[in-house]
Amino acid sequence: LSKLAVPRTTATHAQATAAWSAEESQFGEWQMETEELLSSAFESDWSRSGVGSTPAGAAGVKEVFRTYYQPFLRLYHQACVCVEMVGSRTDGLEKLLCTMHLVDHRLLTLDDVGRLWRAARGDAEGQGGGLPREVFLGFMARVSRRRFLDSGPAIEAAEAATMMWLSMQGILAFSQQHRDLLLRFFHRQPCYEAYLLHEQQLRAIFDRNSSEVEGQAVLELATFYALADKGAWYGERFTHKDVTTAFCMGLEFRAQEPASHSLVRPATFLEFIHQLAAVASFASGASRLPRAMHGFLQHFCASVAAAEAAEARAGRPLSVAARRVLDSLVRKLGAVFRFKRGEALAEA
């Protein structure tokens, strides 16, 4: 029998034909929000909230909140932003619920919001400062009861909770769907290759602007705002209010948030890269992200370099810590002014 000639597979050929995998790249460290992780985190939050032993956690409510737990995570990050912007937990939650169109002058008043927050904080195990996720979960369960059950028609508690989530579906669904699209298109080879072209510059920018928390380099929301100015992000499709949205969209899922967490959690380098992808997706649309990613990163790195060079020529720039405090103060003052002005207009 004659031997068949079989082409020899070289290392170069194997490398070229091997399918690219996000799991085997640096993006593989990203923790996806799987059903198992979400279920485990929800059970922990629900038990620690203590709401299950109260009327707000009546039969069926737990399953409703389990169903909407992923949108709840997006809402929680928005709540953290509101608390940081306003500088007060009660005022921040009032601002959030007003944005969600849940507060009115009859069914759920601003006084009710403060009372429900104090009740949720008292029932939770971990009563540290800030806005722990489990306390916020108990708070929203009480909001659903007060807004759609106590002051409404005779319906079941689970129906009231469902009505609350459905009433916010338009706002929260957009946030969740946009994040899902972002991860789907960003975790592909073209976007990864665009990132690799600028990796060294991005790491240098992150290192210069990050601070160390518990031995890890992280980027604060206030510093992200400063980079938005340096990177010249603003335009017709990306405005000042989109900065916090992009920042929150890039935050990785954490089963356990710090109990004393009061502000928006700072971002790691991997989360920073996803936040930049979120900014690019706002400007170009998630479906066109692979094409837009390279151009955006190139523009961002060049703009930051030019801004920092101008700072150096003008004199010694503010330190990261000083800039963070100053930016935070300016935003809080602006947020309080806008909130009070909105209250005055509503009363008028």
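The values are calculated or read from the model by the stated rules, or taken from the named source; none is laboratory data. For clarity, every value in this text was computed on a predicted model and none was experimentally measured. Neighbour counts are summed over all protein chains in view; Cβ atoms, including those assigned to glycine, are modelled from backbone coordinates with ideal geometry. Note: accessible area is taken over every heavy atom of the protein model, side chains too, but ligands, DNA and RNA are not part of it. Shrake-Rupley method; radii C 1.70, N 1.55, O 1.52, S 1.80 Å.
Model label points for residue 303 and residue 253, set 7 angstrom from Cα along the Cα-to-Cβ axis, are 3.2 nm apart. The listed peptides 196-207, 88-99, ordered by packing as a protection proxy, come out as 88-99, 196-207 (highest mean of other Cβ atoms within 10 Å first).
Computed about its Cα centre, the charge dipole of the stretch 93-243 is approximately 240 debye, with only Lys, Arg, Asp and Glu carrying charge at their Cβ. Subtracting the Cα-Cα distance of residue 166 and residue 19 from their residue separation scaled by 0.36 nm leaves 48.8 nm. Pairs of C-alpha atoms in the stretch 51-97 farther apart than 16 Å represent 52 percent of all such pairs.
Between residue 241 and residue 288, what FRET efficiency follows from the Cβ-Cβ distance if R0 is 22 Å, with the result rounded to 0.05? If you can, show how the numbers build up before the last one.
Numbers: r = 22 Å, r/R0 = 1.01.
With R0 = 22 Å, the Cβ-Cβ based efficiency is 0.50.
Averaged over its residues, the stretch 131-229 has an accessible area of 42 Å² per residue, based on protein heavy atoms and a 1.4 Å probe. Note on residue 269 and residue 177: the model spin-label points, each 7 Å out from Cα along the C-beta direction, lie 3.6 nm apart. Excluding same-chain residues fewer than 8 positions from residue 230, which aspartates and glutamates have a Cα within less than 12 Å of its Cα? Correct list for residue 230: 308, 311.
Taking the empirical scaling 2.2 N^0.38 Å for compact globular proteins as reference, the stretch 156-302 has a Cα radius of gyration ratio of 1.13.
Projected label points at residue 211 and residue 106, each 7 Å from Cα along the beta carbon direction, are separated by 4.7 nanometres.
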